[in-house]
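Shown next, in structure tokens, is the structure this report addresses.
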Amino acid sequence: MASFFPQWTQDLNTGLSFVGFLITAYTLYEVKRIKASFLARARLPDIIKELSKNGSSLNTILGTWPSQRNEARSHIKVSATLLKSALPMLTGTDKKELSKIQEKLASASKGFSDPSYPNTNEAWDIYSDIQSCITTLTQVSKNMKWE
Amino acid sequence: MHPEEKVTALIVKLNKLSSLGQIKWEVRDAPRAILRGTDDYIPLFMSTSYKGQRFGLFEHRYQAYDGEHERFYWTNRIILAILDWEDRALWETNSQTPALFDLFETARKKVSNIDGLLDELLDEEGDEA
């Protein structure tokens, strides 16, 4: 049976459907990005606050190192978990850098079964990494206010 | 490295050196150059030297303005400064970071020798003396 519409309208329809698909895909991407941005704006300040508390507790422990090693381990473990929850909110080089530190902290908390690990310098390096993460996350949080 | 990260690295380094006793903080009166011409107050000022640079670390109490309620109120901040030989602040930290609070706590603990003081006060053998 011959079509009521001419061929060019069908071609136009196919073309517009394809454009509609692209717009839908872009909209879904934007919705996901906006959702991530809102989540980050709501969650990052809390994560930074918790990470700061853990860093300060570690600082106190470092003053008497290594007498409270097990307590230090729990703070490092919590810091690694907090960083893990912050990673999905980051992009680009910030995400890469913090991901490396997160892996380092996670493996450091496991390495405490060795009584000689971490030595004083290694413990201070871990504290330094936590402070570096706090600085990066604070900058990311500030930048988000302008998005 | 981002400038903020460099400042954090310096603060952490000073904190580590202070904690390990490799640099010594001394309590001093706040330099007049910092307070001159203001109503501000510095309850604790500590200074040290590292690699030929003089550092000042202090709590700065000052009045800020609350535009919403149209009034002044007292607030405070911790400052790490590089000082010249006439106690002028050549550079100051401009943000309040956890690393800076930690450095202040470590330095304050060291100058007060709180750990040694508590050990001495809790020493049972010395109770009879």
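The values are calculated or read from the model by the stated rules, or taken from the named source; none is laboratory data. Every value quoted in this text rests on a predicted model; they were computed, and no experiment measured them. Heads up, the Cβs are rebuilt from the backbone with ideal geometry, glycines too, and the neighbour counts pull from every protein chain shown.
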#### Entry: Test: residue in region A:62-76 that is surrounded by fewer than 17 Cβ atoms within 10 Å (Cβ to Cβ), within 27 Å of B:Asp115 (Cα to Cα) and of a type in the set (Val, Ile, Thr)
yes
### Message
For B:Glu70, only one of the following conditions fails: (1) away from chain A (no Cβ under 11 Å); (2) on the phi < 0 side of the Ramachandran plot. What is its number?
### Response
(2)
### Query
Can you tell me which residue in region B:21-75 is nearest to B:Leu100 (Cα to Cα), limited to those that are surrounded by 10 or more Cβ atoms within 10 Å (Cβ to Cβ) and among the small types (Gly, Ala, Ser)?
B:Gly56
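What number of residues in region A:115-127 are buried (at least 20 other Cβ atoms within 10 Å of the Cβ) and either facing chain B (nearest Cβ under 9 Å) or touching a Pro at 6+ places or on another chain (Cβ under 7 Å) (or both)?
If we filter region A:115-127 for residues that are buried (at least 20 other Cβ atoms within 10 Å of the Cβ), which is where we start, we get A:118, A:123-124, A:126-127.
If we keep only those that are either facing chain B (nearest Cβ under 9 Å) or touching a Pro at 6+ places or on another chain (Cβ under 7 Å) (or both) as well, we get A:124, A:126-127.
Final tally of qualifying residues: 3.
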## Note on the structure
Picked from region B:1-54 (must be within 14 Å of chain A (Cβ to nearest Cβ) and of a type in the set (Lys, Arg)), the residue farthest from the chain's Cα centre (by Cα) is B:Lys6
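Taking region A:61-73 only, how many residues are in a helix (DSSP H, G or I) and facing chain B (nearest Cβ under 10 Å)? Give the steps one after another, and end with the answer.
Filtering region A:61-73 down to residues in a helix (DSSP H, G or I) leaves A:61-62, A:69-73.
Those left that are additionally facing chain B (nearest Cβ under 10 Å): A:62.
Number satisfying all stated conditions: 1.
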### Summary
Given (1) more than 30 Å from A:Asn121 (Cα to Cα); (2) touching a residue at least 12 places away in the same chain (Cβ under 8 Å), B:Leu80 misses just (1)
### Query
If you take the residues in region B:88-104 that are of a type outside the set (A, V, I, L, M) and surrounded by fewer than 17 Cβ atoms within 10 Å (Cβ to Cβ), which one is modelled with the lowest pLDDT?
B:Asn94
### Query
In this structure, does A:Asn54 turn out to be part of a helix (DSSP H, G or I), polar (S, T, N, Q) and in contact with a Phe, Trp or Tyr (Cβ under 9 Å, 6 or more places away or on another chain)?
no
### Message
Only one of B:Leu103, B:Leu121, B:Leu57, B:Leu80 is closer than 16 Å to B:Arg32 by Cα and not in a loop (DSSP other than H, G, I, E, B). Can you tell me which?
### Response
B:Leu57
### Query
Exactly one of (1) closer than 23 Å to B:Asn15 by Cα; (2) free of Cβ contacts under 8 Å to residues at least 40 places away in the same chain; (3) within 13 Å of chain B (Cβ to nearest Cβ) is unmet by A:Leu58. Its number?
(2)
